[in-house]
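Report on the structure given below.
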Amino acid sequence: MLEQYAETAYRGKQAAKFRNEIATGERDSMYCRYQSKQELFPRGNVFGHCYDSYQSAAFKYNLSGKAEHYRNVLGCTPNILSLSTIGRKVSDILLLIWVCIHLTILLCLFFIPVFLYLLGNEKQGTLALCYIFLMWVFSKFFNLTILKLIKKKVKASRVNFERTKGLVWMDNNRGSHSLKFPFEEFNAHYKVQNNPQSGFPYRGFTLLHFKKDVFYAWTGANLISSAFLHWELLQNFMDVTQPLADIPQFEYYREFDKTTAEFDKANGRPKYFWYRVDKSFLKQMTQADDELLKEFNDDEQLDNLLMGKPIKKLKPPEIFKFPWKYAENIKPESEIKFGKTAWQKFTSFLMIDL
């Protein structure tokens, strides 16, 4: 039995007061005060699809089991999309540093001893191999033991979007997602983050509550189109009046969602399509996205956003709504295989698993 939608579920509309009564100067957070004054992204579709650059990775994560692993770690249910708030937590930064150090150790393990052996210094090469191997063993041991104690910190740096109830779970900075607000009460404010070394801008948005100092920040490429796509993805996931976008990232959720399940049944969509289609089909989807992007003048639409002018809405080709109709190689459902390949298992053994 599919779960029914709550009265608080988001139905694609926002009351005007949540845009007209945005708190600005009276906020405690300096970041929230600044972001609350930035331009607003419009609600509704711009591209008409949600197939962004992440979908190729999502396709691989689905089949390798990595996506399922993340959902288990985060304790997500079939109606909750959990997204990272990278950069807001010290634990995230420390984990990133650890990954970089471990990768450096791994590279040194392969190259330094070989380099010394080629120079004819076998004794130093063997000694270097032993020392670096011990560092790698220590890092792996830390990964398999102590990391379990800090996973709660990683979990606390997430924002959950709950489709059936229309709620956004925000971190209360005490290690739990106890703050819940209706999606309707949030606005997407323009955000730009510059690389401190190159000055290169990364554009995105801050999904900020109209009164509270709680937010989800996202920045992507320099192109504003990537921000519009991610904003459209969040709206699509939360809007129960329309089926979930047909993308690899949402395949897991489709069969558990009432609106989407009814749409799939009515249109004869193959069950678990993104688990069954050949990966070569991703190129076809990417090409369709590239062609659509040619109609979107990024600089012009960025100016429109900053000046409060209407954003050009695109008409996407049918492949984004009914991708299975354009796919040639869809294997039988009985042939779906989840899990890592031998090479993926080997690289996972060498690296650390977060």
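Among the protein heavy atoms of the chain, carbon and sulfur supply 58% of the accessible surface, probe 1.4 Å, non-protein parts ignored. Long hydrophobic helices in the chain, taken as whole DSSP H segments with a C-alpha length of 20 Å or more on their own axis and mean Kyte-Doolittle hydropathy at least 0.5: 90-118, 122-144, 224-238.
Segment M307..M351, full-extension length gain: 11.2 nm, with 0.36 nm per residue of separation and the alpha-carbon distance subtracted.
Here each label is just a point 7 Å from Cα along the line to Cβ, and for K17 and T259 those points are 2.4 nm apart.
Close amide H partners of M170, meaning residues 5 or more places away or on another chain with modelled amide H under 5 Å apart, are L179, K180, F181.
Derived scalar couplings between HN and Hα for the range 310-320 equal x, 8, 5, 9, 9, 10, x, x, 5, 4, 6 Hz in order, rounded to whole Hz, by the Karplus curve 6.51 cos²θ - 1.76 cosθ + 1.60 (θ = phi - 60°), x for Gly and Pro. In this structure R27 has an accessible area near 10 Å², from a 1.4 Å probe over the protein heavy atoms.
The amide H of Y202, built 1.01 Å from its N in the peptide plane, has Q193, N194, N195 as neighbours under 5 Å, considering only residues 5 or more places off or on other chains.
Using only the Cα atoms of the range 212-354, what semi-axes does the equivalent ellipsoid have when each is the square root of 5 times a gyration tensor eigenvalue? Give whole Å, largest first. Could you put the intermediate results ahead of the total?
Details: eigenvalues 180, 96, 63 Å².
Equivalent ellipsoid semi-axes, largest first: 30, 22, 18 Å.
Taking a temperature of 25 °C and a viscosity of 0.890 mPa s, what whole-number D in µm²/s does Stokes-Einstein yield for the range 237-291 with Rh from Kirkwood over alpha carbon pairs? Please list the in-between numbers first.
On the way: Rh = 12.2 Å.
D = 202 µm²/s.
Could you order R19, R203 by accessible surface area, starting with the largest, using a probe radius of 1.4 Å? Walk me through the intermediate numbers first.
On the way: R19 80, R203 45 Å².
Sorted by accessible area, descending: R19, R203.
Under 19 Å of direct C-alpha separation, and excluding same-chain neighbours fewer than eight residues apart, K345 reaches these aspartates and glutamates: E68, D353.
Counting each DSSP H run of 4 or more residues in the chain as -39500 (n - 2.57), what helix-only mean residue ellipticity at 222 nm follows after dividing by all residues, to the nearest 500 deg cm²/dmol? Mind dumping the intermediate values first?
Numbers: 14 runs with 155 residues, N = 354.
Using -39500 (n - 2.57) per qualifying helix, the result is -13500 deg cm²/dmol.
Can you give the percent of C-alpha pairs in the range 196-235 whose distance is more than 14 Å?
Details: 408 of 780 pairs.
For the range 196-235, the share of Cα pairs beyond 14 Å comes to 52 percent.
Its alpha carbons give the range 5-72 an Rg and a Dmax of 18.2, 48 Å.
Starting from the Kirkwood radius over alpha-carbon pairs of the range 291-352, derive D by Stokes-Einstein at 20 °C in a medium of 1.002 mPa s and give it in µm² s⁻¹. Mind showing how you got there, number by number?
Values: Rh = 16.6 Å.
D, rounded to a whole number, is 129 µm²/s.
With a ≥ b ≥ c the root eigenvalues of the C-alpha gyration tensor of the chain, is it rounded (a/c under 1.5), prolate (a/b larger than b/c) or oblate? Mind showing how you got there, number by number?
Numbers: a/c = 1.73, a/b = 1.37, b/c = 1.27.
Because a/c hits 1.5 or more and a/b exceeds b/c, the chain counts as prolate.
Rounded to the nearest 0.05, the FRET efficiency derived from the C-beta distance between T241 and V99 at R0 = 41 Å is 0.50.
The values are calculated or read from the model by the stated rules, or taken from the named source; none is laboratory data. None of these values were measured; they are calculated from a predicted model. A quick note on method: Cβ atoms are made from the backbone with ideal geometry, for glycine too, and the neighbour counts reach across all protein chains shown. For the accessible areas, the whole protein counts, side chains as well, though only heavy atoms, and no ligand, DNA or RNA atoms are used. Shrake-Rupley method; radii C 1.70, N 1.55, O 1.52, S 1.80 Å.
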